[in-house]
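For reference, the structure discussed in these notes is given below.
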Amino acid sequence: MAEPDFIVPPPGLIPGARSDAPDRTVRDAPPRVLPVFPPPGVVPPPLPGGPPEAQGAAAQGSAAPPTGETRIEAPTPSPQPGAWRLRAQGGLEVLLLRPVLLGRDPAADPGRPQAAPIRLADPARSVSKTHALVEVVDGRVMVTDLHSTNGTRVLTPEGEARELEPGRGAEAPNGSTLLLGEFAVRLDRAPLNSV
C-alpha cells in the first residue's frame, strides 16, 4: 500500500461523508490575494476623490478585465513603501498614514477630526492623557506637544535632545526617538518590502 502525501481518514470517521464521493481536492488553484489591514486602533484616511463608492471604481481604473473574467478589488489601504512609522515597547507599531494623537487615553480632537487616537501603555504614568500630535507634512514628520504635564522631547540620531514648546510643531528626523515624559517612541521609515 502506497503512503499518500496527506492523512486519509478511515471510512466512516467523518459523518455524512460518502465513500463513493468523487475526489474534490483542489490542485493548481490560483493564489488568493488577502486584504491588508492597518494596525489595531488606526483608521486609514479617506482616499481623495469623493465618496468610498466612487473611490473603489476610480481605484480600479478604466481598464476592463478580459472578456469572461470578473475582477473584484476591495479598496484596501496599503502603506506606501518607505512610509513613516512609530514603534514603542510592547510591540506597538503604527504607520503614519494619517495624523495620530499619542497619549495614555487620547481623546478625539474636534479641531483635528482626521487624527487617530493611539493609546500608549505607560506603566510609569509619565504620559499625559492626550500628550502629542504626530503627523507627516510635506514628507516631513512634525511633532506637537499638546500641553502635556511632563513635556515632549525629540532625541535625534546624533544625540541632540530638543524640548518642544507646547502647541508648536517641530520636525523629527528619521531615526529620532520621541520622549513623551519618560516613554520612548522610535520614529523611522518602514522597510520598502513591508506590507
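The values are calculated or read from the model by the stated rules, or taken from the named source; none is laboratory data. The shown structure was predicted, so the numbers you read here are calculated from the model rather than taken from an experiment. Using ideal geometry, Cβ is built from the backbone for each residue, glycine included, and neighbour counts are taken over all protein chains shown.
The figures follow:
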item: Output for segment 106-145, where each listed residue is outside any loop (DSSP other than H, G, I, E, B), more than 16 Å from R168 (Cβ to Cβ) and basic (K, R); result: R119
item: Residues of segment 134-157 satisfying the condition of being farther than 28 Å from P110 by Cβ and out of contact with any Gly (no Cβ under 9 Å at 6 or more places or on another chain); result: L155
item: Residue list for segment 109-125, filter: free of Cβ contacts under 8 Å to residues at least 60 places away in the same chain and touching a strand residue (DSSP E or B) at 6+ places or on another chain (Cβ under 6 Å); result: A115
item: Lone qualifier among G169, G139 - being within 24 Å of the chain's Cα centre (by Cα) and without any contact (Cβ under 8 Å) to a residue 12 or more places away in the chain; result: G139
item: Selection within segment 82-105 - crowded, with 18+ Cβ neighbours inside 10 Å, aliphatic (A, V, I, L, M) and either in contact with a helix residue (DSSP H, G or I) (Cβ under 6 Å, 6 or more places away or on another chain) or assigned to a loop (DSSP other than H, G, I, E, B) (or both); result: L96, L97
item: Flag if G82 is small (G, A, S), under 19 Å from the mean Cα position of the chain (by Cα) and at pLDDT 90 or above; result: no
